[in-house]
Amino acid sequence: MQSERWRNGPGQESGDWVCLTKNGKGHREAMQEEHVEYYKDGSVKGKGLLVDGTMEGYWEWFRKNGTKMRSGHFKAGEQVGEWITYDQQGQVYKVTDMDKKAQKAAVKPAVRSGSVRQDGGQRV
């Protein structure tokens, strides 16, 4: 098996690509790139890893004055684990466990008032 790495080389893709070939046949692995967003004044707004255009791994966001505002991890575009919110001075203000938040949201029933009768019958 042969492995080849390039950045803005063959095929002109951006980000890091790995092309694996076996017996002359190849396939493309996920594109990974460091993504940085900027405010209009040029200061960094946020940064993290994109895998095939989806947020992955550690991300952080900043205020215009450069202090950290929020940080946490993504898995396949979903917030996971502990997310930290920072105050104006960049000190930890709040820690949110996204795994517990997701579990809590999953068990809440989505029932509209009057749509289901208490005896289990259909509303007419």
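FYI, it's all coordinate maths here, none of it is from the lab. Model, not experiment: these values are computed from the prediction. Note that each Cβ is placed from the backbone with ideal geometry, even for glycine, and that neighbours are counted across all protein chains shown.
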**Summed side-chain charge close to Val36 - residues other than Val36 whose Cβ falls under 9 Å, Lys, Arg +1, Asp, Glu -1** = 0
**Message:** Given points 7 Å out from each Cα along the Cα-Cβ axis, report the Val44 to Gln88 separation in nanometres with one decimal.
**Reply:** 2.3
**Asked** Which loop-located trypsin sites (Lys or Arg not before Pro) does the range 52-94 contain, where loop means any DSSP state but H, G, I, E or B and the Cβ has at most 14 other Cβ atoms within 10 Å?
**Response** Lys64
